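Here's the structure we're looking at; comments come further down.
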Amino acid sequence: MIADSITDFVPCPDIAPPLKKTIIAPPLTNSQIKKKATKKVTGYVIYEGPSLLDGSPIVVIMTGLGGSKNRKTGEVAQTWIMRSDMTPIEAFKIGADSTVCGNCPYRWSLYVKNSGAPRCYVNLGQAPLSIYKAYKRGSYPALPLDYTLPPGMGLRLGSYGDPVAVPMKAWKSLIDSASFHLAYTHQWKEFPVQSAPYKGLCMASVGNALEALQAVKLGWKFFRVESAPAPIGLELNCPSDKATHGEHIRQCEACKLCNGSKASIWITPH
């Protein structure tokens, strides 16, 4: 009898071992091919290099491209500025968070060092740590040179970390393609050279009326976090401030004031 195919042929055990039957996977359907080809990218690396604040290695990762879950900002792409050589938890434990946070009085290393000091609202053990681990796994490709944000999407510079730690050229194309942007910096006073390109693009973060007046004198719009409004008549109350607006608040995507050029803002501690 002549075998119909190679898989029907069974050789004599005395001559050769049995052939293994070849299993061929079924071809992919059109929908499967399309799904594989259009695998969703959850974020991009937009900068890897030295921090402008102290020269240490940092990485900037943009996420939220499929829709941000941030209750305050709304549909805004988020960017995370972190040390690239250690987790954000490791960084704050040894005071290395100054590489990305500069002189911010709310940074975690100061909170741990000085009992009772105000602390950052960013929980480092949640989004920053998760994003850092994904970065180390290679989950985020480099930002394509011709990339533009989805229509109508805003951009937050420094969801964690200070934008001034990053060269302006890393932000420029994204700012240009964004429907609007939000940005804040504590470096406006102690890092005047590094922060100069950000004037008109970032809000100067201040903690009292005196700092607010200093920032205005230097040409900045400010964002002041304090329990009471300053008697200087130069600011608006943040529309997302629950302490003054209750449940009638507006998200950043509806407000769009914190772009460094429109208005100075005051908000209660949050």
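The values are calculated or read from the model by the stated rules, or taken from the named source; none is laboratory data. Since the structure is predicted, the reported quantities are computational estimates derived from the model, not experimental observations. Note that each Cβ is placed from the backbone with ideal geometry, even for glycine, and that neighbours are counted across all protein chains shown.
Points to keep in mind about this one:
- Cβ pairs under 7 Å, 6+ apart, first in segment 196-220 and without any contact (Cβ under 8 Å) to a residue 24 or more places away in the chain, second assigned to a strand (DSSP E or B) and of a type in the set (D, E, K, R): V206/R224; G219/K199
- Positions within segment 159-181 being small (G, A, S), touching a residue at least 40 places away in the same chain (Cβ under 8 Å) and farther than 13 Å from V100 by Cβ, in sequence order: A170, A178
- Flag for L174 being modelled with pLDDT of 95 or more, buried (at least 17 other Cβ atoms within 10 Å of the Cβ) and farther than 22 Å from G95 by Cβ: yes
- Flag if T79 is hydroxyl-bearing (S, T, Y), modelled with pLDDT of 95 or more and in a strand (DSSP E or B): yes
- Selection of segment 120-139 for residues being surrounded by 14 or more Cβ atoms within 10 Å (Cβ to Cβ) and not polar (S, T, N, Q) yields C120, V122, L124, A127, P128, L129, I131, Y132, A134, Y135.
- Within the option set A142, A165, being at pLDDT 95 or above, of a type in the set (A, V, I, L, M, F, W, C) and surrounded by 13 or more Cβ atoms within 10 Å (Cβ to Cβ) holds for one residue only, A165.
- Check on T185, among the hydroxyl-bearing types (S, T, Y) and over 23 Å from W80 (Cα atoms): no
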